[in-house]
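Chemist: Structure incoming, see below.
The values are calculated or read from the model by the stated rules, or taken from the named source; none is laboratory data. From a predicted model like this one, the values you see are computed outputs, not experimental measurements. Cβ: placed from backbone, ideal geometry, glycine included. Neighbour counts: every protein chain shown. Accessible surface areas use protein heavy atoms only, side chains included; no ligands, DNA or RNA. Shrake-Rupley method; radii C 1.70, N 1.55, O 1.52, S 1.80 Å.
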Amino acid sequence: RSLHDYADSHYSEMDLQVHGCLDSDCEVMLADRQADVVLSFSPITNHMLVTTPILETPVKILLPAEHPLCRKETLSREDLQQWPALLYTGGHSACPWWPEETKRADSLSADLSSLFSLLKEGTGYMPIPEAMIPVYADFAERRDCAFLKKPWHLYYSTLTQAYYDALTYNLMGAMEKDIFQK
């Protein structure tokens, strides 16, 4: 959202088109020049790429607004044990920010929209970095979780350090001004 706001106020300096993709596709999109910049929740490890953490974001537990656990301010492992987790994998084999072993009733998916649909139906709870929570999740309550204290990092990647086109320049300037912080 903040990146869109920045683009609106600097529209003459850049042409911003935002697309979603799985983490595993980010490197291909950069290498094929399908994208100039990638914002990812996990570092891209190819030595040809420059990857820098730009934002720390807490992991929150999302619950449907009427869920019984919404009455608790901070959740613990014990609170969550009887409920299924909705875990976003995004190109990984597991949910990268979830330290727990998955249970049989848990749902793992690389499709974030389907997980939000399950959440809306009351199927379970979703642990997700706060910066990743889209606006359309206004039906859900955000809760802190006692064992998810370590923040998750958002990474910024370009092809090489010398690859500074107008979009890169403007995005780097925006990051220095902390436009990603609410």
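Chemist: Which one is farthest from residue 40 (Cα to Cα) among residues in the range 112-137 that are of a type in the set (Gly, Ala, Ser) and either touching a strand residue (DSSP E or B) at 6+ places or on another chain (Cβ under 7 Å) or in contact (Cβ under 8 Å) with a residue 60 or more places away in the chain (or both)?
Modeler: Restricting attention to the range 112-137, the residues satisfying the condition of being of a type in the set (Gly, Ala, Ser) are 113-114, 117, 122, 124, 131, 137.
Of the ones still in play, those that are also either touching a strand residue (DSSP E or B) at 6+ places or on another chain (Cβ under 7 Å) or in contact (Cβ under 8 Å) with a residue 60 or more places away in the chain (or both) are 122, 124, 131, 137.
Details: 122: 28, 124: 25, 131: 11, 137: 20 Å.
Selected residue: 122.
Chemist: Turning to a different aspect of this structure: State the number of residues belonging to the range 104-146 that are farther than 22 Å from residue 39 by Cα, open to solvent by 60 Å² or more (accessible area, probe 1.4 Å) and among the acidic types (Asp, Glu).
Modeler: Result for the range 104-146: 4.
Chemist: Quick one: in the range 9-40, which of the residues that are closer than 18 Å to residue 110 by Cα, open to solvent by less than 70 Å² (accessible area, probe 1.4 Å) and in a loop (DSSP other than H, G, I, E, B) is modelled with the lowest pLDDT?
Modeler: 22
Chemist: Residues 110, 140: which one is over 30 Å from residue 13 (Cβ atoms) and at pLDDT 90 or above?
Modeler: On the way: 110 fails: at pLDDT 90 or above.
Residue meeting the stated conditions: 140.
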